[in-house]
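The values are calculated or read from the model by the stated rules, or taken from the named source; none is laboratory data. It should be emphasised that the depicted structure is a prediction, and the values quoted were computed from it without experimental measurement. Positions of Cβ are backbone-derived with ideal geometry, glycine not excepted, and every protein chain shown enters the neighbour counts.
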Amino acid sequence: MAGLATSGSNPDVSLLYDINGLADDAPGWFDRIMEFIGEYGLLLGMVLLVLWCWWTMRRRAATLDDAASSLAAIVWAPLAAGIAVLINIPIRGFVERPRPFVDHDGLEVLIDGKNDFSFVSDHATLAMAMGVGLFVANRKIGIAGIALAVLEGFCRVYMGVHYPTDVIGGFALGTAVALLLSPVAMALLTPVAKAMGGSARAGWLVWARGSLGVAEPESDSGSGAEPGSGLSGGDSERDLAA
């Protein structure tokens with residue numbers, strides 16, 4: 001299936017030239033910015049969105065069950081991205097589509113060293129899987145993640161390293177993995193997150209109990225005293241009587 005959509009007469013190639021032509025007309029400093037954003041910047045932005053989602057939701061969770069399901073959904077976002085990229089490896093090997101600059105002249109290629117196959121785009125796949133995964137966890141943050149993924153796809157075409165259909169295929173693959181495998185992932189990750197939430201050492205990763213006024217678990221002695229007070233219930237009563 002090598003040479004998929006390499007004819008200059010098809011809309012895929014026409015759109016490629018239209019978008020990449022913007023790089024030819026733009027000043028050099030702007031192209032350097034787009035190169036950094038398309039290769040590294042937007043993926044870094046996705047990581048920051050995941051951290052923001054985690055920090056926000058751990059403080060809002062009212063119960064351990066809510067906190068555990070929220071953390072499971074957040075963790076699933078980067079895991080979905082990794083799984084989607086792994087699934088893309090055999091897809092690329094089967095389709096064997098060359099990079100657009102191999103078959104088409106006159107493209108402004110902003111980054112060197114892209115000698116692997118083009119369909120589908122790893123960057124678009126990874127970004128959209130994380131964006132959709134975040135949408136499952138939190139609608140508002142997820143919309144921001146999906147917007148970043150769309151911008152990532154535009155940058156890959158702008159840089160001259162992917163056809164538009166490479167990006168669309170990446171969006172479809174990332175979305176499918178994030179949504180279709182989500183029920184299985186939640187079933188596996190939620191019990192782990194709940195166990196972490198009940199742990200004295202790892203509980204802070206799951207929820208911020210103190211900020212919500214939720215009582216900490218009682219000590220092993222079963223006393224009613226607050227943790228760290230060093231007083232049992234009986235000691236407190238004797239002190240009050242005195």
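Can you confirm whether Ile146 is assigned to a helix (DSSP H, G or I), touching a Leu at 6+ places or on another chain (Cβ under 6 Å), of a type in the set (A, V, I, L, M) and under 20 Å from Trp52 (Cα atoms)?
When the stated conditions are applied, Ile146 does not pass them.
Could you list all residues from the stretch 24-66 that are buried (at least 17 other Cβ atoms within 10 Å of the Cβ) and under 18 Å from Ser182 (Cβ atoms)?
Met46, Leu49, Val50, Cys53, Trp54, Met57
Which of the residues spanning the stretch 100-143 are part of a loop (DSSP other than H, G, I, E, B) and among the aliphatic types (A, V, I, L, M)?
Across the stretch 100-143, the qualifying residues are Leu107, Val109, Leu110, Ile111, Val120.
Given the conditions (1) farther than 24 Å from Ile168 by Cα; (2) free of Cβ contacts under 8 Å to residues at least 24 places away in the same chain; (3) not aliphatic (A, V, I, L, M), which single one is not true for Trp52?
Tallying (1) farther than 24 Å from Ile168 by Cα; (2) free of Cβ contacts under 8 Å to residues at least 24 places away in the same chain; (3) not aliphatic (A, V, I, L, M), Trp52 fails exactly one: (2).
Would you say Arg156 is more than 25 Å from Phe36 (Cβ to Cβ) and over 12 Å from the mean Cα position of the chain (by Cα)?
no
Residues that are within 14 Å of the chain's Cα centre (by Cα): which helices (runs of 4 or more DSSP H) entirely in the stretch 19-95 hold 2 or more of them?
It comes to 42-60, 64-95.
Which residue pairs have Cβ atoms under 8 Å apart, sit 6 or more places apart or on different chains, and have a first residue in the stretch 1-28 that is farther than 16 Å from Asp105 by Cβ and a second that is charged (D, E, K, R) and at pLDDT 85 or above?
Pairs found: Met1/Glu96; Met1/Arg97; Ala2/Glu96; Ala2/Arg97; Leu4/Arg97; Ala5/Asp12; Ala5/Arg97.
Starting from the stretch 137-158, keep only residues that are at pLDDT 90 or above, then list their pairs with residues that are outside any helix (DSSP H, G or I) whose Cβ atoms are within a distance under 6 Å, requiring at least 6 positions of separation or different chains.
What qualifies is Arg156/Ser121; Arg156/His162.
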